[in-house]
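K.L.:
I'd like to ask some things about the structure below.
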Amino acid sequence: MNTIANDVISAAAQGESEAFEAIYKTCSGYVYNAAYRIVGKQEDAQEVTQDVFLIIYKKLDTFRFDSAFKTWVYRITVNTAINYAKKMNKQRNKTVEFKEEYMMSGRSNEIEEQADKQFNQKVAASLLNVLNPDQRACIVLRSVEGLSYQEIADSLKININTVRTRIKRAREALLALRREVVKNAM
């Protein structure tokens, strides 16, 4: 995410629409990607992204420049996505869907590559859905977004040891799932 100048943030906080638009253009891609990795569905990520920018718009005047704007946006995005995922998990009774797609023979390599990419994205999303939202957020921020443990702790406003524990437990859950799949395949 590109950095946003403090004067742009201040202008947006005072209601200047062009400044808020600059924030949106700079942050929207990251916000959507982070939300998608946490909630796992395109429509849900779009919903979370809208919610995040409504929160940013309403609370921009509370940003005090004590932390990086990027960290503040991370925190809002992750918290909003986690809350949304928890709400959706309750509605779905915590069921996990694994879908398989079969390719029809005779298609071009480009179509096969696109289908493989989509399949891999669905598998990754299904695997992330095995994790609880708190673990999922930590894994996404670490493995996908490349944040350090300290940056994750700052973004989520949690202790760094909590970050370590969540990531460890998430990895253990994914490894256990992998062992189960391998065991059942034999």
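K.L.:
Kindly establish whether Ala85 is under 14 Å from the mean Cα position of the chain (by Cα), of a type in the set (Gly, Ala, Ser), closer than 29 Å to Val130 by Cα and at pLDDT 90 or above.
P.N.:
No.
K.L.:
Please enumerate the residues belonging to segment 47-65 that are more than 12 Å from Thr80 (Cα to Cα) and surrounded by fewer than 17 Cβ atoms within 10 Å (Cβ to Cβ).
P.N.:
Tyr57, Lys58, Lys59, Asp61, Thr62, Arg64, Phe65
K.L.:
If you check Ile160, Ile152, Ile139, Ile167, which single one turns out to be closer than 25 Å to Thr71 by Cα, of a type in the set (A, V, I, L, M), modelled with pLDDT of 85 or more and exposed (fewer than 15 other Cβ atoms within 10 Å of the Cβ)?
P.N.:
Ile160
K.L.:
A further question on this structure: Can you pull out every residue in segment 18-43 that is closer than 12 Å to Ala85 by Cα and surrounded by 18 or more Cβ atoms within 10 Å (Cβ to Cβ)?
P.N.:
Ala35, Tyr36, Arg37, Ile38, Val39, Gly40 - these are the residues of segment 18-43 that are closer than 12 Å to Ala85 by Cα and surrounded by 18 or more Cβ atoms within 10 Å (Cβ to Cβ).
The values are calculated or read from the model by the stated rules, or taken from the named source; none is laboratory data. Everything numeric here is computed off the predicted structure, so don't read it as measured data. Neighbour counts are summed over all protein chains in view; Cβ atoms, including those assigned to glycine, are modelled from backbone coordinates with ideal geometry.
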